[in-house]
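Encoded as structure tokens, the structure appears first; notes follow it.
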Amino acid sequence: MRCSAVSLGSGTIINAIATGFGSAFGVDLKIKADVELIDNGKKIVNGISIDNPTLKPSLVERCVKNVFDHFEVDYSAKISTIGDIPIKSGLSSSSAASNAAVLATIGALGEKVDPDLVLDLAIKSSFEENLTVTGAYDDATASYFGGITVCNNMERKILKKDKFKEDIKVIVLMPEFKKNVDVNRMKLIKDYVDMAFEKCMNGDYYKALFLNGLLYSSALNFPSNISVDALEAGAITAGLSGTGPSYVALCYFEDEKNVENALKKYGETTITKPSNDGAKILY
């Protein structure tokens, strides 16, 4: 019994750590998980990342085990992942990997796919592997459904779904800045993030993304001028993705090179686009 599934990466509009409310959007980069079940009653799960063999497979192994526990089966399994989402890029590679792993395992078991169950087991696995502060429900739902999701992360509720109305590119900057996840400092900007979230609820995603990026950059000691440099080069909006150190900039096709060149001086870049196509079983 085998199954393969894919799930998207996602970019940040509103980081939920300060308030518990967040928003993210799916991007056209994916992680594919391949699961093979072994009927030996031992519940041994072995995983590997094909494109990054040094990456510990503990998250996707945990996903498979949690699916087995939920359906009360005692299979063993092999799981492999491969994708084009840069690791630690701020594009929710963990959410994509866990969604794909859970979905592929459910598919291999021949069980009915329930999106709420997929998301719950994926987030449970991320919590158990200490890979999330809030549960990242916004990232997980954008990865699973595609498009834009606006969420109450604390209650795991989608408040709003949408999509970008324009054909735009997403440029991701991955600078070599030291990671900083100071939750106490992020909580200090709560009232101001609420203001950015209000923009998001009103559909003004570009302003929300930019304001969110400025706020979290300031709280986490990342440079805010990078976002302004992107705007100067023609970006529609730009800001810190997740808790950094990566940034995302959205622009029209004709401004892609100018914006990329403005960001390249800070580090490596990846170019993609928003995606409204969510996770799915391939076979």
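The values are calculated or read from the model by the stated rules, or taken from the named source; none is laboratory data. Source: prediction; values computed, not measured. Here the Cβ positions follow ideal geometry from the backbone for every residue, glycine too, while neighbour counts run over all protein chains shown.
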| said: Regarding the stretch 107-117, can at least one residue be identified that is free of Cβ contacts under 8 Å to residues at least 40 places away in the same chain and over 16 Å from Val6 (Cα atoms)? | reply: yes
| message | It is to be established whether one or more residues within the stretch 91-107 are more than 24 Å from Ile281 (Cα to Cα), of a type outside the set (Lys, Arg) and at pLDDT 95 or above. | response | no
| field | The listed residue being β-branched (Val, Ile, Thr) and without any contact (Cβ under 8 Å) to a residue 60 or more places away in the chain, out of Ile13, Ile87, Ile17 | value | Ile87
| Subset tally (residues that are part of a strand (DSSP E or B) and not hydrophobic (A, V, I, L, M, F, W, C)) for the stretch 140-193 | 8
| query | Hey, among Lys187, Lys280, which residue is out of contact with any strand residue (DSSP E or B) (no Cβ under 6 Å at 6 or more places or on another chain) and closer than 30 Å to Cys3 by Cα? | reply | Lys280
| Going by the structure shown, is Glu61 of a type outside the set (Lys, Arg), in contact with a strand residue (DSSP E or B) (Cβ under 8 Å, 6 or more places away or on another chain) and surrounded by fewer than 24 Cβ atoms within 10 Å (Cβ to Cβ)? | yes
| query | What is the residue count in the stretch 194-206 for residues that are assigned to a helix (DSSP H, G or I) and either assigned by TED's automatic domain parsing to the domain that holds Leu91 or over 20 Å from Ile17 (Cβ atoms) (or both)? | reply | 1
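Going through the stretch 228-268 one residue at a time, which ones are β-branched (Val, Ile, Thr) and either assigned to a loop (DSSP other than H, G, I, E, B) or crowded, with 20+ Cβ neighbours inside 10 Å (or both)?
The answer is Ile236, Thr237, Thr243, Val248, Val259.
Taking the options Phe68, Phe25, name whichever one is crowded, with 20+ Cβ neighbours inside 10 Å and either modelled with pLDDT of 95 or more or farther than 30 Å from Lys199 by Cα (or both).
Details: Phe68 fails: crowded, with 20+ Cβ neighbours inside 10 Å.
Of the residues listed, the single one that is crowded, with 20+ Cβ neighbours inside 10 Å and either modelled with pLDDT of 95 or more or farther than 30 Å from Lys199 by Cα (or both) is Phe25.
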| request: Please verify whether the stretch 219-227 includes one or more residues that are under 22 Å from Ser10 (Cβ atoms), assigned to a helix (DSSP H, G or I), without any contact (Cβ under 8 Å) to a residue 24 or more places away in the chain and out of contact with any Cys (no Cβ under 6 Å at 6 or more places or on another chain). | output: yes
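Give the residue, chosen from Leu250, Leu231, Leu240, Leu263, that is under 18 Å from the mean Cα position of the chain (by Cα), under 18 Å from Ile168 (Cβ atoms) and assigned by TED's automatic domain parsing to the domain that holds Glu176.
None of the others qualify; the one that does is Leu250.
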| task | Kindly check whether there is at least one residue in the stretch 46-53 that is surrounded by fewer than 20 Cβ atoms within 10 Å (Cβ to Cβ), touching a residue at least 12 places away in the same chain (Cβ under 8 Å) and touching a Gly at 6+ places or on another chain (Cβ under 8 Å). | result | yes
| said: Could you tell me how many of the residues in the stretch 268-280 are at pLDDT 95 or above and among the small types (Gly, Ala, Ser)? | reply: 2
